[in-house]
Structure formats: C-alpha cells, structure tokens
Amino acid sequence: MGANGRLDKTLLSPKAYRRSMSEMTQPERPTPRILLVDDDREFLRVYRELLLKQPGQPEVRTAETGQRALAMLEAGQFDLLLCDLKMAKVDGFQVLAIVRRKHPQLRTMVLTGLAEEQFRARAYAIGVDLFLQKPTTPEETKLFLECVESLLGAGATAGFRGIQSKALVDIIQLECLSLSSSVLRVSQGVQEGRIWFLSGEIIDATTADLVGARAFERILSWKNGTFEVLPPEPERTRTVFSSYQTLLLETAHVLDEIQAEQLDPAHTEMLRKASLAELARTQGVEFILATTKPDATESWGVENAEKVAEWTRRTVERFQTLGENLKLGVPGQMDGSTTQRHVVLARRGDRAICLGLQRALAPEQIRQTVNTLLLKWAS
C-alpha cells in the first residue's frame, strides 16, 4: 500500500495487480463447509485440524462410514467432500456415485492410499474433481492444501469442472507429480485436444490442427470446458521433449504476451518495468537480464548490459542448436558456477534470460530461487 493508503501497483507483477484489484471488489464469501470421510479415526483427527487452519477458516465435519456421510449430506449443505475409497459396507466409489447423482454441484476429491491407475480412471469416470493419494511428505501436504483451496474457490468461477478458470494446469501438474501414465482429453465446445503422459512426463499433445508443444499451448488457452482421464498409451510417439515445468512456464509466457498485446503500449511498458523490479528483489539475486535483440534488452544489476546480452543470446542459441542436433529437444535452462557467482541461462518464448545468483547459496537454494524467478517471470 502507498502512503495515501492506495494500492501501489508499481510493486506488483501484472497478474498480481489484476488479482489484487479483483479481490478488492469481491463480496465477502460465507464460511465454506468441508465433509471429510475416512474409516481411520486418527486420520480424520489429524486432517481435520490441518484443514481448520486454512486461510478461509472452513467448517470441517467428519464421518467414519459412507452411510454416515450420505446422511450428513442429506441433512445439511457442504461445499467440498473429501472421501477415501477403501471403506467397509459402503465404499468410496458408492458414496461418490450417489453424490454425483443427488448432489451434482458438490465439489469432490478422492484422498486415498490406493495408487493403482485403474482406481484413478474409475474415479474420474464417476465425475470426481480431483484424485489424490494421501500425502506422505510436507511437499505433498502443501499440494493437497492448495488443491482444497482451489476447489473451495472454484464454485463461483467459470472454468473446467472442478478447476478454477485458467487452472487446467492444476490437473496437468497433478498428473505429472503423481508420475501418472494417462491420456487427458480436454473439450471446449466443438474443440477437443489430448495430452499424453508417461511416468509423469508430457510426451505429446494434439488438437485438430496442431501437434506437440503448439497443441499444448492451444489447449491451455481454453478458459472453460470439460476433461476426462483416459487409459495410458505407452507406445505413443514422443513429440514433446521439454520437462513439464519448462513447458508450463513457456506456455504461460506466450499466453501472457498474447494478452499484453491487447493493452495500451504505455501501460504495458509500466507493467513490464514493475515486473522486472519485483524479480530483482528476490533474495540471492545479483543481477538479471532478458534480451530478444540488441535494442530490446532489459536488465538490473548488470554493468555491461549490451555485452552480456550478446553473450546470452549467442550461448542460448548454441545450446538450442546442440539440442536439436542431438534430437533432445530445446534445453529448458543451462546453469553453471564460477568462483564469483552462479549463472543460469534460460529461454522463455523469444527472450533469452541470464540470471546471476550469489555463490554462497546452497544447491537447493539455487534451485528454489531459479524456479521462483522463472515462475514469476512467466506470471
């Protein structure tokens, strides 16, 4: 906030500014209600306490049997159902099938210890919004809570069934993080696209007229529709060689550029400078530079920006040529250390990016900082 109490948009990225303005105009929402169903009493206790700490301070009720859960749904309205699959008498599949028929607007998430692909496919066929294995690490727990927050916020927004608008990436990330092998069929009206996963990696994508990364980009541009998880096709020819993280970042950058073209040029320039300033404030950053050509370079903390930009463009192009010659695809990023600092090169759309990080950072800190910077850049 500025000194006069107004939102200082120069300190925010374009997306953060738009999100902040949107939140300021949104009416206050009622307390969300969650029903957690599992036959493990200790699991219910631990996860109820975990969910109660969510930002929206939801009301969390629990049920140890499918029969009890169905009775509670008849007696009161809920916003989200979290359901285990393996339970006595009335199992999770039976509960979910009844819920989909009698309470079609209720958001549903499977939270199970069953890892077999057949259970995932069957759950999605019933119409659940998300299928997750029970978390076993802090990272998986964080992902679970983010998914809960996303589903609770999805009720008032247009978008894919069970996902907030423009958040088809949630489903894609879940398929990759769970090392899934599957085919995701996405439809928007008469348009249809498919994305192939193999052991958590995206290997191909198609639409009516596009293949590979360009088809993936087209699919993620759709703002609403439906999705269906189909059985895997392990023999599918691979056309996508980038990691899913790189693919998502590059796609986000392209889509943001398309949206930016519709803005007033002066406003776009102001937002671009604000975004660069935000990136430069990331802890551990010594310098940052992005360039498309000699007269289109932006930087922070670089003394000889023109020379560094020329070296960056030349080096990224050489690595790209090497990747093509070896048929390994376009490299997502290149990094190395000198006696003074750690240097990372990456390509985002038509931009070549060079990051300088403090040499004292540990390898894990370097990885997290680079991911943070590139994610912010794409957003």
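The values are calculated or read from the model by the stated rules, or taken from the named source; none is laboratory data. Remember, predicted model here, so these are calculated numbers, not experimental data. Heads up, the Cβs are rebuilt from the backbone with ideal geometry, glycines too, and the neighbour counts pull from every protein chain shown.
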So, in the range 202-239, how many residues would count as being of a type in the set (A, V, I, L, M) and within 26 Å of Ile126 (Cα to Cα)?
6
Of everything in the range 214-237, what is at pLDDT 85 or above, closer than 16 Å to Cys176 by Cα and surrounded by fewer than 17 Cβ atoms within 10 Å (Cβ to Cβ)? Give them in sequence order.
Glu233, Pro234
Can you name the condition, by its number, that Ile98 falls short on among (1) assigned to a loop (DSSP other than H, G, I, E, B); (2) in contact (Cβ under 8 Å) with a residue 24 or more places away in the chain; (3) not small (Gly, Ala, Ser)?
(1)
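Can Phe144 be described as touching a residue at least 12 places away in the same chain (Cβ under 8 Å), in a helix (DSSP H, G or I), within 24 Å of Gly225 (Cα to Cα) and touching a Pro at 6+ places or on another chain (Cβ under 6 Å)? Step through it out loud before you land on a result.
Numbers: touching a residue at least 12 places away in the same chain (Cβ under 8 Å): yes; in a helix (DSSP H, G or I): yes; within 24 Å of Gly225 (Cα to Cα): yes; touching a Pro at 6+ places or on another chain (Cβ under 6 Å): yes.
The answer is yes for Phe144.
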Which listed residue, of Leu106, Leu44, Leu52, Leu114, is in contact with a helix residue (DSSP H, G or I) (Cβ under 8 Å, 6 or more places away or on another chain) and assigned by TED's automatic domain parsing to the domain that holds Gly127
Leu106
Residue, modelled with the lowest pLDDT, within the range 22-63, restricted to residues that are touching a strand residue (DSSP E or B) at 6+ places or on another chain (Cβ under 8 Å) and in a loop (DSSP other than H, G, I, E, B)
Thr31
Every pair of residues 6+ apart whose Cβ atoms lie under 7 Å, when the first sits in the range 83-95 and is in the same structural domain as Val128 (by TED's automatic domain parsing) while the second is of a type in the set (D, E, K, R) and modelled with pLDDT under 85:
Phe93/Arg122
Being within 17 Å of Phe144 (Cα to Cα) and among the small types (Gly, Ala, Ser) is the filter here; which residues of the range 44-84 pass it?
Gly56
Six or more apart or on different chains, Cβ under 8 Å: which pairs go from a residue in the range 348-370 that's on the phi > 0 side of the Ramachandran plot and assigned by TED's automatic domain parsing to the domain that holds Glu298 to one that's surrounded by 12 or more Cβ atoms within 10 Å (Cβ to Cβ) and of a type in the set (Asp, Glu)? Could you list them?
Gly349/Glu250; Gly349/Glu257
